[in-house]
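The values are calculated or read from the model by the stated rules, or taken from the named source; none is laboratory data. Values in this document were obtained by computation on a predicted structure and should not be read as measured data. Methodologically, a virtual Cβ is constructed for each residue, glycine included, from the backbone with ideal geometry; neighbour enumeration extends over all protein chains shown. With ligands, DNA and RNA removed, areas are computed over all heavy atoms of the protein, side chains included. Shrake-Rupley method; radii C 1.70, N 1.55, O 1.52, S 1.80 Å.
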Amino acid sequence: MEQTPTTPTIQEEKYQFPTEDVTLPSKGLLYPEDSPLKKGIIEMKYMTAKEEDILSNQSFIKNGVVLDKLFKALIVTPCDYNDLLVCDKNAIMIAARVLGYGKEYSIKVPNPETGDIIEHTVDLTQLSEQEIDWDLIEDGKNEFPFTLPASGRTIKMKLLTHSDQRKIDTENKGLAKLKKSAPATTVLKHTIIELDGETDKTKIRQFVDRDLLAIDSRALRNHLKKLSPDID
C-alpha cells in the first residue's frame, strides 16, 4: 500500500542543517510563560545560499522587509515573529551576520584627532549586553509603571515588539506623505499603554499630542533606558 508523504516537523527538519542557540538580551523574562522564547534563547540555523537569495531580492528590499524575511528563514524555534521584542531582534541580527559570514566584521572609522581613516576588525561574538536595572523587570510582564515627575500623572509603558515597530513605521510613512514628521511622539503613543488607569488608546494619543510636557517626555525616555535590555 502506497503511503502518503508527510510534511516534516520542525523537530525533524532542524537536524538537516547546523544550528546555534542565541541568547536573547531580555533573558526571556518579558515573555509570558507559554512563550517558546521564555527560556531566553532562540535557535537559529546557519545561512545557506538560499538565504543569500533573500538578501538580493529587489522586491523585499524595496518594501523594506528584506531583513525580516531573512531572520524568519533563519529562526528554527517555533515562535510568533511579531511577538519578538525589538531588543531581541537586534541580537538576532548580529547572530545572523555571524552565522552567515563569520564573527569578524571589518570597519573603517575616522580618527577623531587627526581625521585619518583607521581600519579595525570587530569580533561580533564579543559584543557586550547593555547594563540595565533588572530589579525593574517583573518576570512575565512587559509593562512598567511610572509617575511623570512634573505633571504627577501615572502611566504604564512597555518595551516595543516587532509588531509595534511595524505599526510605527507605517504611521511614520503616512505622516511623511502628508509632509509631517513626528517620530518621537509616534513611538511614545505605542510605548504608553495606560494613563491614570485608563487604557483607551485615543485618550493616550491625545495626551501625548497635547498634554505631555517635554520634561516628562525626557524623564520617561530616560526611565525606558534603565529597563531596556539590548546589545551594547
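Some observations on this one:
- When the range 65-84 is filtered for residues that are in a loop (DSSP other than H, G, I, E, B), out of contact with any strand residue (DSSP E or B) (no Cβ under 9 Å at 6 or more places or on another chain) and open to solvent by less than 60 Å² (accessible area, probe 1.4 Å), only Val65 remains.
- Qualifying residue in the range 86-107 (condition: of a type in the set (Asp, Glu), at pLDDT below 90 and within 16 Å of Ile41 (Cα to Cα)): no
- Residue pairs whose Cβ atoms lie under 9 Å apart, separated by 6 or more positions or on different chains, with the first residue in the range 66-82 and within 12 Å of Pro36 (Cα to Cα) and modelled with pLDDT under 95 and the second open to solvent by less than 30 Å² (accessible area, probe 1.4 Å) and small (Gly, Ala, Ser), are Cys79/Ser35; Asp80/Ser35.
- Among (1) farther than 27 Å from Lys158 by Cβ; (2) open to solvent by less than 30 Å² (accessible area, probe 1.4 Å), the one test that Gly40 misses: (1)
- Tally, over the range 130-168, of residues that are farther than 17 Å from Leu29 by Cβ and acidic (Asp, Glu): 1
- Candidate set: the range 112-128, residues that are of a type in the set (Asp, Glu) and free of Cβ contacts under 8 Å to residues at least 12 places away in the same chain; chosen: the one nearest to Tyr101 (Cα to Cα): Asp116
- Residue, surrounded by the most Cβ atoms within 10 Å (Cβ to Cβ), within the range 94-138, restricted to residues that are part of a loop (DSSP other than H, G, I, E, B), among the acidic types (Asp, Glu) and out of contact with any helix residue (DSSP H, G or I) (no Cβ under 7 Å at 6 or more places or on another chain): Glu138
- Condition met for Tyr31 (in contact (Cβ under 8 Å) with a residue 40 or more places away in the chain, among the aromatic types (Phe, Trp, Tyr) and surrounded by 15 or more Cβ atoms within 10 Å (Cβ to Cβ)): yes
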